[in-house]
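Laboratory data are not the source of any read-out in this text; all were calculated from the coordinates shown. Every value quoted in this text rests on a predicted model; they were computed, and no experiment measured them. No Cβ is skipped: glycine too gets one built from the backbone with ideal geometry, and neighbour counts run over all protein chains shown.
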Amino acid sequence: MTHHVIYDGNCNLCTTLVQLLEILDQGHQFNYIPMQDQQGLSRFAVTPSQCNLGMILIDGNQPENRWQGSDAAEEIGRLLPAGEIFVAAYRGLPGLKWVGDRIYEQVRDHRYLLFGKRSTPYQSVYPSCCNIEGNRQ
């Protein structure tokens with residue numbers, strides 16, 4: 001089963017997390033589309049304004065199944081080996097999901113200030129689309 005992760009290819013934090021997922025998953029479950037790839041976004045009817053609300057995870061087998069923001073992060077975690085138990089505990093503790101959602105929103109809204117911005121979008125070694133000039137470093 002493939003999932004498409006739409007991430008901010010200009011965000012240092014976002015690209016570091018994509019690189020970590022690339023190592024953990026090695027392209028088995030996830031491929032990646034930077035938000036800067038307009039052709040890639042259009043394949044899934046995703047608009048730039050939707051990207052402003054955070055990363056997006058799309059089920060490759062059922063593209064109508066989508067998660068965004070902290071929900072996408074949780075679903076990615078759940079799909080990783082042994083991740084389901086940790087995500088279930090996180091979701092099950094009263095108030096923790098609410099706090100996690102607020103932290104995600106703050107990081108999302110201030111990611112360039114907190115972590116810096118790349119001069120060119122990062123293009124994953126496991127791309128869903130290959131339509132932008134990118135940098136794999």
Normalised by the number of residues in the chain, what is the relative contact order in percent for Cα pairs under 8 Å and 6+ residues apart? 35 percent
In degrees, nearest 10, the alpha-carbon axis of helix 96-115 is tilted away from the dominant principal axis of the alpha carbons of the chain by 30 degrees
Return the percentage of antiparallel bridges among DSSP beta bridges fully within segment 2-119, rounded to the nearest 5 %. 60 percent
Value of Rg/Rh across segment 1-61 [Cα atoms, Kirkwood radius]: 0.95
Find how much the distance from residue 82 to residue 43 grows on full extension, using 0.36 nm per residue of separation minus their present alpha carbon separation; answer in nm with one decimal. 10.9 nm
Order these by the 10 Å Cβ neighbour count, fewest first: 51, 14. 51, 14
Could you work out [θ]222 nm for the chain from helices alone, using -39500 (n - 2.57) per DSSP H run of at least four and dividing by all its residues? Round to the nearest 500 deg cm²/dmol. -14000 deg cm²/dmol
Can you give me the distance in nm between label points at residue 61 and residue 120, each placed 7 Å from the Cα along the Cα-to-Cβ direction? 3.7 nm
Centroid-to-centroid separation of segment 96-127 and segment 17-58 [C-alpha atoms, Å]: 12 Å
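Write out the GluC sites (Glu not before Pro) in segment 1-92 meeting two conditions: DSSP loop, and at most 14 other Cβ atoms within 10 Å of their Cβ.
Listed in order of number, the matching sites are 64.
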Could you pull out every residue, at least 5 positions away or on a different chain, whose amide H is within less than 5 Å of the one on residue 10? Hs are placed 1.01 Å off N in the peptide plane, and Pro or chain starts have none. 122
For 44, 86, ascending order of other Cβ atoms within 10 Å (fewest first) is 86, 44
Considering the values [x] 1.31; [y] 1.06; [z] 1.01, which represents Cα Rg over 2.2 N^0.38 Å as calculated for the structure under consideration? [z]
For the chain, the dipole about the Cα centre with charges only on Cβ (Lys and Arg +1, Asp and Glu -1), to the nearest 20 debye, works out at 260 debye
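When a/c reaches 1.5 or more, the comparison of a/b and b/c decides; with that in mind, is segment 60-127 rounded, prolate or oblate per its Cα gyration tensor?
oblate
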